[in-house]
Amino acid sequence: MKYVLITPARNEESLIRKTLESVCAQSAPPERWIIVDNDSSDRTAEIVRGYANRFPWIELVRHPADANRSFAAKAAAFSAGCARVQSIDFDIIGNLDADVSFDAEYMNFLIRKFDEDPHLGVAGTPFLEEGYDSARDSFEGPNHVAGGVQLFRRECFEDIGGYLALDGGGVDWVAVTTARMNGWKTRSFPDKRFNHHRIMGTAVRGTLAAFFFHGRKDYYLGGAPLWELCRVGYRSLKKPYIVGGVALALGYSWAAVRRMPRGVSPALMCFHRAEQNTKLRSIIAALARLKTLRPNYSSAGEATVIALTIQYTAELAMLGSDLCLGALGVV
């Protein structure tokens, strides 16, 4: 299967060489890699141009951008890259952030997954950051595909309408969740990892501000309040202890109090809450069998706190989700 990659990049001179070296070392290189320089003020374009002179399948595109780094600008840059590959014959289109790296068989591994399953719409892998493994530490589960490396079957990408320009973030999350809502399989395969060299959300903000932003984004994307409470409890037991969870809760609460407009449709919001409902049911069922759904908890105490949080909130969360689904006539 043939694939193309698109990388929106803005002021990434300190990290983009890692991404360039990783892709150039792939055993199965892409048909075309469009790197969209989103009006960088540093040497990003110069670095990319040097690699493009050596590898004919790399193309640099200059794209004007807003002065502020935003997710809507990323979607616009990605669309500009898409326009450059429309005449190319390909089966898979991938978003690749400019601050990631991976081994030489990484892309070939993911392409084989698409070849093996015609219903697979979006594929990727968990990722590593300093002291963090998304397969172990994330609350999302294996059906979520992290935005740093997202590969789409072409038909799936066209079916969901590509990336939507959302100022509040969640561009990649909306794409993956919409794909599932439309009946496509999405999967993060744990056999491999990619390295994310910048902690998520810290490109223009500090760590605690990033947690606040993630909480605000959870509200913006339609997450249920009681699910967020479970997530806050879980986050509080990870570094930075307590304060990370507090910042997450404050971000969600701030958005709720201000009645921040949602960035998703009512149908997608209810689908999202139904998935959260299903996860809670699974956790409760596991607890009822005296097991934990997540065998990677670092201690029995941590598992106990999470279990108690879920136990006292799950039924209310499921009730809210069921009411939401009933209002839309979803079964």
Residue hits (the stretch 34-48; surrounded by fewer than 24 Cβ atoms within 10 Å (Cβ to Cβ) and assigned to a loop (DSSP other than H, G, I, E, B)) are Asp39, Ser40, Ser41, Asp42, Arg43
Can you tell me how many residues in the stretch 113-135 are more than 17 Å from Leu96 (Cβ to Cβ) and either surrounded by fewer than 14 Cβ atoms within 10 Å (Cβ to Cβ) or small (Gly, Ala, Ser) (or both)? 9
Limited to the stretch 262-294, what total is found for residues that are farther than 21 Å from Gly233 by Cβ and touching a residue at least 12 places away in the same chain (Cβ under 8 Å)? 10
Going residue by residue through the stretch 55-72, is there one that turns out to be in a helix (DSSP H, G or I), in the same structural domain as Glu155 (by TED's automatic domain parsing) and in contact (Cβ under 8 Å) with a residue 24 or more places away in the chain? yes
Has the stretch 201-215 got at least one residue that is surrounded by fewer than 17 Cβ atoms within 10 Å (Cβ to Cβ), part of a loop (DSSP other than H, G, I, E, B) and touching a Lys or Arg at 6+ places or on another chain (Cβ under 8 Å)? yes
Checked the stretch 135-148 for anything touching a Ser or Thr at 6+ places or on another chain (Cβ under 8 Å) and either farther than 29 Å from Tyr241 by Cβ or in a helix (DSSP H, G or I) (or both); matches are Ala135
Do we have any residue at all in the stretch 177-192 that's surrounded by fewer than 21 Cβ atoms within 10 Å (Cβ to Cβ), basic (Lys, Arg), outside any loop (DSSP other than H, G, I, E, B) and touching a Pro at 6+ places or on another chain (Cβ under 7 Å)? yes
Among (1) in contact with a Phe, Trp or Tyr (Cβ under 7 Å, 6 or more places away or on another chain); (2) farther than 24 Å from Phe78 by Cβ; (3) surrounded by 22 or more Cβ atoms within 10 Å (Cβ to Cβ); (4) of a type in the set (A, V, I, L, M, F, W, C), the one test that Ala224 misses: (1)
Any chance Asp159 is within 25 Å of Met1 (Cα to Cα), in a loop (DSSP other than H, G, I, E, B) and in the same structural domain as Glu129 (by TED's automatic domain parsing): no
Of the residues Trp227, Trp173, which single one is part of a helix (DSSP H, G or I) and modelled with pLDDT under 95? Trp227
Every residue from the stretch 254-267 that is of a type in the set (Gly, Ala, Ser) and within 22 Å of the chain's Cα centre (by Cα): Ala255, Gly263, Ser265, Ala267
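I'm trying to understand the selection: among the residues of the stretch 7-33, which are assigned to a helix (DSSP H, G or I), touching a residue at least 60 places away in the same chain (Cβ under 8 Å) and farther than 15 Å from Gly94 by Cα?
Once the filter is applied, which keeps residues that are assigned to a helix (DSSP H, G or I), touching a residue at least 60 places away in the same chain (Cβ under 8 Å) and farther than 15 Å from Gly94 by Cα, the stretch 7-33 yields Ile16, Lys18, Glu21.
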Could you check, for the stretch 281-294, whether at least one of its residues is surrounded by fewer than 20 Cβ atoms within 10 Å (Cβ to Cβ), assigned to a helix (DSSP H, G or I), at pLDDT 90 or above and not assigned by TED's automatic domain parsing to the domain that holds Tyr132? no
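The values are calculated or read from the model by the stated rules, or taken from the named source; none is laboratory data. Values in this document were obtained by computation on a predicted structure and should not be read as measured data. So basically every Cβ, Gly included, is an ideal-geometry build from the backbone, and we count neighbours across all protein chains shown.
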